[in-house]
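Written out below as C-alpha cells is the structure these notes cover.
The values are calculated or read from the model by the stated rules, or taken from the named source; none is laboratory data. Computed from a predicted model, the values in this text were never measured in an experiment. All Cβ positions, glycine included, derive from the backbone under ideal geometry; neighbour counts span all protein chains shown. When the accessible area is computed, the model is the full protein with side chains, heavy atoms only, and any ligands, DNA or RNA have been set aside. Shrake-Rupley method; radii C 1.70, N 1.55, O 1.52, S 1.80 Å.
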Amino acid sequence: MKQNIRLRGISDEVKGKVWESDATIRAGRLGSLEIVLDDSSVSRRHAEVRYAGPVGWVVKDLDSTNGTYVNGVRIGAQEKSIRVRDIVQFGKIAMIVETTDSMPAAPAEPPAIDKILVEATANSSWEDLLRGFVFDRNRGLRPGDELLAMLRAGHHLVHIETEDELLHLILNDAVQVLDAQRGAIVLAEGPEGKLKLRALATGRGEVNPGRFHFSQRLAQRCFVRGESVLCCSVSDDPELAAAQSIADGAMASVLCVLLRTPRNRVGILHLDRSYWQKPFSEDDLHLADALAANVSAGIECAQLLRKQRDLFRNTITVLAQAVEMKDEYTGGHTTRVTNYALMLGRQLGLDKKDLDLIEIGTPLHDIGKIGVDDAILRKPGKLTPEEWEEMKKHTTKGAAIVSTVPDLIPITPIVRNHHERWDGQGYPDKLAGEDINQLARIVAVVDAFDAMTTARPYHLGRVRTPEDAFAELQRMSGKQFDPKCAAAFCELQGQITEIMRGDRQTTMVSQTQTPTS
C-alpha cells in the first residue's frame, strides 16, 4: 500500500511547520515548490523527496550548493532511502520524517531501558580514572588542550566560591574541549536522589537549542547502572530515535558520563553533537569520563557546603521568628529590613562577602529582644526613661548571644551597632561617622525606615507614608544617618514604594479571604 510522508521542521526557522504528501515534495527557495525555505544555505531548487514504489520514500539532491543530508551524512548524486525518524537536512534546515496514518507508528510504550543501543561504556576504577587525567586509554600523553581542560577544572575547584558558578565553568570547559553542540550537568538531589538539571551550556555547533537539553532516558540509565555510555549514532536506535528530546534537540551523538566519587554517584554530565558534526568516539568517552572524575569530588563538596549553608540560614530564620513571636508589632519586620538592606548593599556596590553578611546578620539584628521584658516590648505609648534604658540593652544582649557562635562573630557589629548615629549620639558605644561598621550603618537606615512606615506601640496612629519616611531620611542625613547610605537608599524610592504597595495589596487580599468568627 502506498504510504504518505510527513516532514516536520526542527530547525528554528521552520520549527513546528509540517509538510505532507503522497507523491513528491520539492524543497528550495523558489515560491513554486512545495517546501519554500527562505534561507541562504538552501539552493533555489535544492532537493526532492518522492515515493519510489517498493523501495519506499527516497530523497534526491538536485545539485544544491550546500548539500542534502540524511542523519548527518551528505548524500551524493544517488537517491537515498529514508524512513520514520530520519533527519533530512537541506543546507542548514533540518526536518524529521514523521509517521502518518498509513505509516507504522512508534510503539505507545517505549522499550525497556536495557534495549538502548550503546556503542561503548566506561566503568573504570577510581585509580584508572586518576591516571586518565594525564594519559588516554592507549597510554599516550593527552594533547595540550585536553590537559589544559583538566588543569582548569582543578583550578575551578580551588578558586570558585559558589556551586552554580563551579558547575557552569566545568560544563563550559567540557563543551569546548569535546566540541559539543550542547552540554548539561544533572545532579541527584533530595532524599530520593532525583536527577535535576543544574547547568546548561552551548557550543559553537548548536543551531537549534530546542526545548530539551538532555535525554532523561539516557541519564537515568547511566545513573542507575553506574557507568558512562556513548551513543554515537542515535538514529540507529529505535528507542532513542523516537525520543522527543533527541529529535527536538537535533542530537545525533551523545555522551552520558557518570559524575561519581569513591563514595557516591553525584550526577550526570550530558554532551551531544548534531547531525552535521562528527560523532563522538570511544576516545571522547574516556576523555569525558576522566574529566568527570576530576571534578566530581569538588561538586560533591560544593553540594555539602550548600546544604550546610541552607541549614545555617534556616536556623537563623527560626531565631528571627522567635523574636517576632515575642513582639506582635514587629511581624515581618526582619524580612522587610533584610530585603531593604540587601537592596541598599547592592546599590552601594558591596561585594558578595559583605552581602552574605547582610543576609545572615540582618535577620538577627534584634535577637537581643529575646532578653527584654515583654511588658516593655509590648507597652503601648511612650516608655519611661528606665524602660528605654532597658530596651536599649537589646543591642548588647544580642551581641553577646551571637558572639557565642564562632561563625556568627562577623555579624556582631550589625547586631550591636545598628542604633549608632553618624553624629555620635546613638547607642550603645557612642560611635560616630565611619568608626561605625558600614554594614551596621546600612541596617540603621533601613531599620529606621521600616519603623517609621509600620505600626509600633510607641507611635500607634502615626505611621508615616513612604514619601514622608524618605523625606525624614534626607533630613537626618549627616546627623543620624550615614549620608552615602541615606542618599543611596533614597535612590531606591521608586522600587521600595512599589514593593510596599504590593505587600499591602497582598495583605488586604489575605484579610478579605480570612473567614470571621
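Listed values, structure above:
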read-out: Region 1-56: number of residues that are at pLDDT 90 or above, under 25 Å from ALA252 (Cβ atoms) and hydrophobic (A, V, I, L, M, F, W, C); value: 10
read-out: Single match in THR362, THR453, THR412 (criterion: over 33 Å from the mean Cα position of the chain (by Cα) and either polar (S, T, N, Q) or within 19 Å of TYR340 (Cβ to Cβ) (or both)); value: THR453
read-out: Number of the condition not met by VAL405 [criteria: (1) loosely packed, with under 14 Cβ neighbours inside 10 Å; (2) of a type in the set (A, V, I, L, M); (3) touching a residue at least 40 places away in the same chain (Cβ under 8 Å)]; value: (3)
read-out: Region 61-86, subset closer than 15 Å to LEU7 by Cα and of a type in the set (D, E, K, R), residue surrounded by the most Cβ atoms within 10 Å (Cβ to Cβ); value: ARG85
read-out: The one condition in (1) open to solvent by 40 Å² or more (accessible area, probe 1.4 Å); (2) modelled with pLDDT of 85 or more; (3) of a type in the set (S, T, N, Q) that GLN321 fails to fulfil; value: (2)
read-out: ALA432, sole failed condition from (1) surrounded by fewer than 21 Cβ atoms within 10 Å (Cβ to Cβ); (2) touching a Phe, Trp or Tyr at 6+ places or on another chain (Cβ under 9 Å); (3) modelled with pLDDT under 95; (4) not acidic (Asp, Glu); value: (3)
read-out: Cβ-Cβ under 6 Å pairs, at least 6 apart or on other chains, region 182-194 side touching a residue at least 40 places away in the same chain (Cβ under 8 Å), far side part of a loop (DSSP other than H, G, I, E, B) and surrounded by 24 or more Cβ atoms within 10 Å (Cβ to Cβ); value: ALA184/PHE214
read-out: Options VAL318, VAL295; residue that is of a type outside the set (Gly, Ala, Ser) and farther than 30 Å from CYS222 by Cβ; value: VAL318
read-out: Total residues in region 324-377, condition modelled with pLDDT of 90 or more, small (Gly, Ala, Ser) and open to solvent by 20 Å² or more (accessible area, probe 1.4 Å); value: 1
read-out: Residue ID - surrounded by the fewest Cβ atoms within 10 Å (Cβ to Cβ), chosen from residues in region 460-475 that are over 23 Å from ARG346 (Cβ atoms) and hydrophobic (A, V, I, L, M, F, W, C); value: LEU460
read-out: Residues within region 1-41 that are within 37 Å of the chain's Cα centre (by Cα), open to solvent by less than 40 Å² (accessible area, probe 1.4 Å) and of a type in the set (Val, Ile, Thr), tallied; value: 2
read-out: Among (1) without any contact (Cβ under 8 Å) to a residue 12 or more places away in the chain; (2) farther than 30 Å from ARG336 by Cα - the single one LEU304 does not satisfy; value: (2)
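Each row is one residue, and each column tells you yes or no for (1) modelled with pLDDT of 85 or more; (2) closer than 16 Å to LEU285 by Cβ.
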residue	(1), (2)
ALA219	yes, yes
VAL224	yes, no
SER233	no, yes
GLU239	no, no
ALA243	no, no
ILE246	no, no
SER253	no, yes
CYS256	yes, yes
PRO262	no, no
